[in-house]
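Asker: Got a structure for you, questions after.
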Amino acid sequence: MSRETTMFDTILIANRGEIALRVMRTARRLGHRVVAVYSDADAAAPHVRAADAAARLGGPRPLDSYLDIDAVVAAARATGAEAVHPGYGFLAENEKFAEAVIDAGLTWIGPPPSAMLSMGDKAYAKRLMRAAGVPCVPGYDGDDQSDETLAREAQRIGFPLMIKATAGGGGRGMRLVASADAFAAALASARSEAQGAFGSATVLLERAIVEPRHVEIQVFADDHGHVVHLGERDCSVQRRHQKVIEEAPSPALAGADGRHLRRRMGAMAVAAARAIKYRGAGTIECLLDARGEFYFMEMNTRLQVEHPVTEALTGYDLVEWQIRVARGEPLPETAQEAILERFERGGHAIEVRLTAEDPARDFLPQSGRLAAWRPGDAVRVDHALEPGAAIPPFYDSMIAKFIAHGADRDQARARLAAALRDAVVLGVRTNQAFLGAALVHETFAAGGATTAFVGRNLDALLAAAPPLPAPLAGLLVYCANAHANGHDPRAVALPLAWPVHLNVDVDGTGAQVSVQALGGARYRAGVGADLHEYAVLDWADGAARIDGPGGRTTLAWARAGAALHVGIAGVQTVVADRSLAAVASGGGAAAGQIRAPMAGRIVAVFVAAGQAVEKGAPLVVLEAMKMEHPAAAPVAGTVKGVFVEHGAQVAAGSLMVELEAA
């Protein structure tokens with residue numbers, strides 16, 4: 001089958017952030033004009049400024065902007081766009097959006113709506129794949145969604161098992177259930193999150209494959225009958241069922257046996273794509289067990305976040321392939337073995353996802369404003385960031401991707417770890433140090449990471465980021481204050497006869513630090529009688545080098561309001577000078593105050609004033625950055641007041657519920 005070539009000049013990119021800029025780069029190289037869309041939260045965002053034209057969609061919530069099909073199509077018409085690229089996320093896998101674009105007379109840079117519909121429902125997709133002879137994980141994907149039927153099927157499948165939303169992806173609406181006792185609560189939670197994220201509470205059940213690898217196959221198809229695969233990517237390192245590190249080739253597919261398995265998995269992926277008459281870029285995601293058996297999980301009918309890994313190995317520009325296929329052209333390369341030869345001779349590539357999350361607080365999403373951003377140029381960094389950029393609470397927490405390529409895995413890993421150590425990301429907490437620790441962990445370094453890697457090694461990965469010593473934190477506050485007043489901390493003309501006493505808060509822990517200038521660049525700082533000698537070797541806007549008891553420290557720093565943000569080898573610490581702050585009295589009352597950990601929307605309220613609750617009882621559920629965050633009672637007691645209601649938007653730190661302890 002083939003069709004005539006469709007030419008178009010202007011492409012509207014129905015997305016935001018780094019993927020919008022990524023698509024723009026290729027589209028411009030191919031000679032296209034590009035149009036951006038934006039929400040009110042993104043009016044001044046880099047992807048808007050970079051476009052040839054831009055159109056406002058609506059309010060900051062995705063439902064009011066990036067998920068509004070009519071608004072996006074109207075924007076395309078108003079700006080003269082002739083084609084639409086969806087990026088990934090938002091409407092990228094929504095067949096109704098694809099149909100609306102096509103019905104408007106525009107070119108859809110993506111797969112046919114029929115294929116999206118077939119693969120968009122995970123339950124239906126599994127039925128199709130089983131009919132096509134593709135191996136699938138045993139489970140239940142029936143239409144009967146009653147609690148009784150699902151509980152009965154769960155008993156038949158056995159525990160542990162997975163509950164998965166049949167719509168969408170990204171780990172939302174997904175729960176691992178270890179026992180029958182936990183099934184009902186996990187089912188309710190998965191349904192609630194799925195309904196909020198995808199508008200559908202339908203789920204399927206699958207047997208949990210114990211500690212598998214998550215391996216996916218990149219496929220491409222055109223309208224001329226060509227379907228090929230571009231090798232695999234290993235996405236086993238995950239948190240909350242969302243990918244964190246991706247690499248290619250998979251360490252599990254090494255040697256002659258690995259080459260054979262790659263071809264088996266690739267042939268399966270090609271057969272799956274042919275079965276649904278696919279076109280464009282897609283990914284077949286599989287679980288690979290320790291015996292080398294693989295099972296189909298789902299198909300993502302779009303470009304993947306981790307596509308740069310495949311680009312690094314093959315040299316192909318996958319966005320260019322998408323655009324050419326949308327024009328009606330044949331794939332740039334159709335010889336399967338030629339593609340695999342490039343892949344297998346391409347060395348190794350690894351990508352990490354930099355997310356605005358706090359790993360020490362169960363990867364709680366963060367929002368705010370970047371005080372400093374210097375990603376360096378040692379590796380490829382896909383981003384839409386700049387100093388002062390806002391990280392809104394309304395969208396996915398991923399803010400950048402670092403991609404390293406090397407002749408072999410160790411070289412790629414070393415380059416990526418060094419790039420993460422050197423990058424400066426201050427003002428909003430991220431997983432930067434966590435990623436760096438994962439890359440050098442012995443299990444990952446040996447190529448042995450499975451989907452259990454983060455859960456098994458979380459404590460060690462967090463411990464790899466040591467806290468900033470209080471004496472050094474106090475010295476940094478002293479030097480930053482001196483710098484702000486026009487003094488050079490490296491050249492103190494006269495030594496101080498007595499120390500300056502500072503009350504500093506280091507990542508929430510208070511300390512009384514004394515700092516005494518000894519003349520020149522020398523200082524003595526400490527807590528109580530525990531004093532240490534320091535030398536300030538360099539001090540400039542945003543950077544410093546200091547010799548101390550632990551050796552030489554190179555650091556980045558930035559002020560954000562009253563806080564000093566300090567970055568050392570990817571570890572960020574927030575230091576606040578409380579020396580002039582009033583000392584609060586009491587403090588016990590706050591123990592029963594449940595405040596919003598970040599800005600977001602209240603999607604459930606379970607209690608009312610006067611109600612008695614047990615410790616651990618659910619109180620409210622906050623939705624932020626596309627995830628649900630339940631708040632539970634920290635103590636047993638009585639609800640004194642509820643200060644939020646269903647559907648309300650709350651700011652970070654807002655009081656939601658107050659309890660009186662029993």
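Asker: Can you tell which of V101, A51, V73 lies farthest toward the positive end of the dipole of the stretch 40-108, using +1 and -1 charges on the Cβ of basic and acidic side chains (Lys, Arg; Asp, Glu)?
Answerer: Value computed over the given set: A51.
Asker: Could you tell me which residue out of F606, L439, T553 lies farthest along the dipole of the chain toward its positive end? Charges go on the beta carbon: Lys and Arg +1, Asp and Glu -1, centred on the Cα centre.
Answerer: Farthest along the dipole direction, towards plus: T553.
Asker: Which helices, counted as full DSSP H runs in the chain, have an axial Cα extent of no less than 18 Å and a Kyte-Doolittle average of -1.0 or above?
Answerer: Helices meeting the criterion: 17-29, 183-198, 255-275, 409-422, 470-484.
Asker: When the chain is fully extended, how far beyond the present Cα-Cα distance does L537 get from T5, taking 0.36 nm per residue of separation?
Answerer: Value of the extension gain: 185.2 nm.
Asker: Over the chain, calculate the relative contact order: mean separation of alpha carbon pairs under 8 Å at least 6 apart, over the residue count, as a percent.
Answerer: 9 percent
Asker: What trypsin sites (Lys or Arg not before Pro) in the stretch 425-513 are in a loop by DSSP, with at most 15 other Cβ atoms within 10 Å of the Cβ?
Answerer: Listed in order of number, the matching sites amount to none.
Asker: Now for a separate question. How many Lys pairs in the chain lie less than 24 angstrom apart by Cα atoms, where the lysines are 8 or more positions apart or on different chains?
Answerer: 18
Asker: Here is a further query. Work through the residues other than A190 whose Cβ is under 11 Å from its Cβ and net out their charges, Lys, Arg +1 and Asp, Glu -1.
Answerer: So the environment of A190 carries a net charge of +2.
Asker: Also: Under 5 Å between amide hydrogens, which residues at least 5 positions from A543 or on another chain qualify, with H placed 1.01 Å from N in the peptide plane?
Answerer: W557
Asker: Right, next: Please calculate how many Å² of accessible area the chain carries per residue, with a 1.4 Å probe and no DNA, RNA or ligand atoms counted.
Answerer: About 40 Å² of surface per residue is accessible.
Asker: What spacing in nm lies between the two simple spin-label points modelled at A254 and D377, each 7 Å away from Cα in the Cβ direction?
Answerer: It is 3.4 nm.
Asker: Scan the stretch 250-358 for GluC sites (Glu not before Pro) in coil per DSSP, keeping those whose Cβ has at most 16 other Cβ atoms within 10 Å, and list them by number.
Answerer: Passing both the DSSP loop test and the Cβ count: E293, E333.
Asker: Something else about it: Using +1 on the beta carbon of Lys and Arg, -1 on that of Asp and Glu, and nothing else charged, what's the dipole of the stretch 95-253 about the Cα centre, debye to 20?
Answerer: That gives the stretch 95-253 a dipole magnitude of about 420 debye.
Asker: Could you give the semi-axes, largest first, of the ellipsoid that matches the chain, computed as the square roots of 5 times the alpha carbon gyration tensor eigenvalues and rounded to whole Å?
Answerer: Ellipsoid semi-axes (Å, largest first): 44, 31, 25.
Asker: Restrict the search to the stretch 1-54; then list the trypsin sites (Lys or Arg not before Pro) that DSSP places in a loop and that have at most 12 other Cβ atoms within 10 Å of their Cβ.
Answerer: R3
Asker: Please give me the summed charge of the neighbours of G447: other residues whose Cβ is under 13 Å from its Cβ, Lys and Arg +1, Asp and Glu -1.
Answerer: Summing Lys and Arg as +1 and Asp and Glu as -1 gives -2.
Asker: Counting each DSSP H run of 4 or more residues in the chain as -39500 (n - 2.57), what helix-only mean residue ellipticity at 222 nm follows after dividing by all residues, to the nearest 500 deg cm²/dmol?
Answerer: -8500 deg cm²/dmol
Asker: Using a 1.4 Å probe on the protein chains only, how many percent of the accessible area of the stretch 205-319 belongs to carbon and sulfur?
Answerer: 50 percent
Asker: Continuing with this model, one more query. Would you be so kind as to identify which of H307, G528, G280 lies farthest towards the positive end of the dipole of the chain, taking Lys and Arg as +1 and Asp and Glu as -1 on Cβ and the Cα centre as origin?
Answerer: Result: G528.
The values are calculated or read from the model by the stated rules, or taken from the named source; none is laboratory data. Keep in mind that what you see is a predicted model, and the values were worked out from it rather than measured. Cβ: placed from backbone, ideal geometry, glycine included. Neighbour counts: every protein chain shown. Only protein heavy atoms, including side chains, enter the accessible area calculation; ligands, DNA and RNA are left aside. Shrake-Rupley method; radii C 1.70, N 1.55, O 1.52, S 1.80 Å.
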